Amino acid sequence: MPKLTLLLGRKTMRVYDIDQETISIGREEEMDIVIDNTSVSRKQAQIRKEGFRWVVEDLGSSNGTFLHGQKVESPQTVTAGDEIGFGKFSLVFDKVVGDADASTGQQSTQPSMAGIEGTMQIKSSEVEELLKDSQRKRRAHVVWESGGQRGQHYLSDFPAALFGTDDLCDVRVPKAPKHHVLIVHRESGCEVKNLHGWTKMKVGGRARNSATLKDGDVVKVGGLTLTFVADIS
């Protein structure tokens, strides 16, 4: 029997081992996979085995079910790796994708996100938190590496951030100038400034005192490496 990987955006929510031949998805309690979110119809879709193949069928949903980005108008054959989309969610058929630590449950015991037996319901509060996290990760941020450690700073939380080893820095790192690398994020763009006059800063391999950053730009200064990731539209 195949696996189903449930995604919200590109985040893995659950990996299921399927041991029944018909799986229904929607908001109604009697569905096999219940997703309490308004982007999912009460009766959204059904995945079922027909002979030697598996098919997906839309159950008359208001928002539509999609396979390979195309709306499912009639039962369509699905094979390993196919992604079935609906609302903010998608199911990848017979392939585990996303987070390596995603948990796996057995369909027969119908595990929930919290591991409680007897239901496969995904609560609206869980969906809301995952949506917030997903949206946050799409915003501009800086990935830093220093002294064998790595972290992220989201510029939507603090648009101006001072990086360094000093306690007064917004982002304290193990190895860098004390408090002299400043990043400022504005609507017009993101700028990095070297406030440490005698320590060279390189942006994209070129010595700079300040620079406007583009997606993927790498900044190196005094044992600190910063990689800028722009907003994902």
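The values are calculated or read from the model by the stated rules, or taken from the named source; none is laboratory data. Here the structure is a predicted model, which is why all the values come from computation and not from measurement. Heads up, the Cβs are rebuilt from the backbone with ideal geometry, glycines too, and the neighbour counts pull from every protein chain shown. Ligands, DNA and RNA are excluded from the accessible area calculation, which covers all protein heavy atoms including side chains. Shrake-Rupley method; radii C 1.70, N 1.55, O 1.52, S 1.80 Å.
A protection proxy built from the mean count of other Cβ atoms within 10 Å ranks the segments 171-182, 153-164, most packed first, as 171-182, 153-164. Between Asp217 and Phe228, the built amide H atoms are under 5 Å apart, and every one of these is 5 or more places off in sequence or on another chain. Calculate the length of the line joining the C-alpha centroid of region 8-30 to that of region 195-230, in whole Å. A separation of 45 Å, based on Cα centres.
Divided by 2.2 N^0.38 Å, where N counts the residues, the Cα radius of gyration of region 28-93 comes to 1.04. The GluC sites (Glu not before Pro) found in region 133-233 that occupy coil by DSSP, while having at most 12 further C-beta atoms within 10 Å, are Glu187. When the square roots of the Cα gyration tensor eigenvalues are ordered a ≥ b ≥ c, the ratio a/c for region 1-59 is 1.5 or more and a/b does not exceed b/c, which makes its shape oblate. Taking all protein chains together and a 1.4 Å probe, the residues Asp215, Asp82 rank Asp215, Asp82 from largest to smallest accessible area.
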